[in-house]
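For reference, the structure discussed in these notes is given below.
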Amino acid sequence: MISFGAATRRTLIQYLIQHRGEPIHDGVDQFFLTLDGYGMTPEAVKSQVRRLAKASGVTRLYPHLCRHTYATNFLVNGGDVLLLKRNLGYTTLAMVDHYVHLATSRAAILSKSFSPLDKMNLQSLRRGGYRARMEDSKKARAYRQQIGAKKG
């Protein structure tokens with residue numbers, strides 16, 4: 001069993017209803033079928049991906065790269081390592097370690113743009129910033145005194 005989101009579910013249902021043919025015989029239990037009703041082999045999937053890459057103009061598109069991208073994004077988005085192990089069909093966690101390392105590196109790079117400290121205006125806390133605020137408050141005080149003197 002593989003878990004997936006709502007958008008993937010809609011796409012698979014659309015394939016099932018609109019594009020998937022009938023299996024050639026009852027022994028065919030694969031979801032994805034060739035045009036003649038046989039289950040797609042790994043070589044057929046590679047061929048489909050090559051055609052898709054050529055048609056789309058994407059030069060670097062391979063089934064394993066899709067698997068790799070899925071695994072890394074799954075972990076970056078908070079997916080569980082044990083669930084990933086099961087989804088990819090691995091027997092040991094050692095096989096998933098590579099993706100954990102990549103996801104950790106990618107998360108570190110991505111988190112730089114979300115750093116709360118980078119979003120704060122820490123310039124005003126520097127010595128020059130403090131002096132500038134003091135100068136501004138002295139000017140404001142002098143201005144208020146000037147206005148008060150004119151009114152009186």
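In region 104-122, the residue that is modelled with the lowest pLDDT out of those that are outside any helix (DSSP H, G or I) and over 17 Å from the mean Cα position of the chain (by Cα) is Asn121.
Screening region 65-103 for residues that are surrounded by 13 or more Cβ atoms within 10 Å (Cβ to Cβ), of a type in the set (Val, Ile, Thr) and out of contact with any Lys or Arg (no Cβ under 7 Å at 6 or more places or on another chain) and picking the one that is modelled with the highest pLDDT gives Val81. Criterion first (touching a strand residue (DSSP E or B) at 6+ places or on another chain (Cβ under 6 Å), surrounded by 10 or more Cβ atoms within 10 Å (Cβ to Cβ) and either part of a loop (DSSP other than H, G, I, E, B) or touching a residue at least 60 places away in the same chain (Cβ under 8 Å) (or both)) does Gly21 satisfy it? Yes: the conditions hold for Gly21.
Taking region 34-93 as the range and being among the aromatic types (Phe, Trp, Tyr) and either in contact with a His (Cβ under 8 Å, 6 or more places away or on another chain) or assigned to a helix (DSSP H, G or I) (or both) as the test, the residues that pass are Tyr70, Phe74.
The values are calculated or read from the model by the stated rules, or taken from the named source; none is laboratory data. All values derive from a computational prediction rather than experimental measurement. Ideal geometry is used to build each Cβ from the backbone, glycine not excepted, and the neighbour counts take in all protein chains shown.
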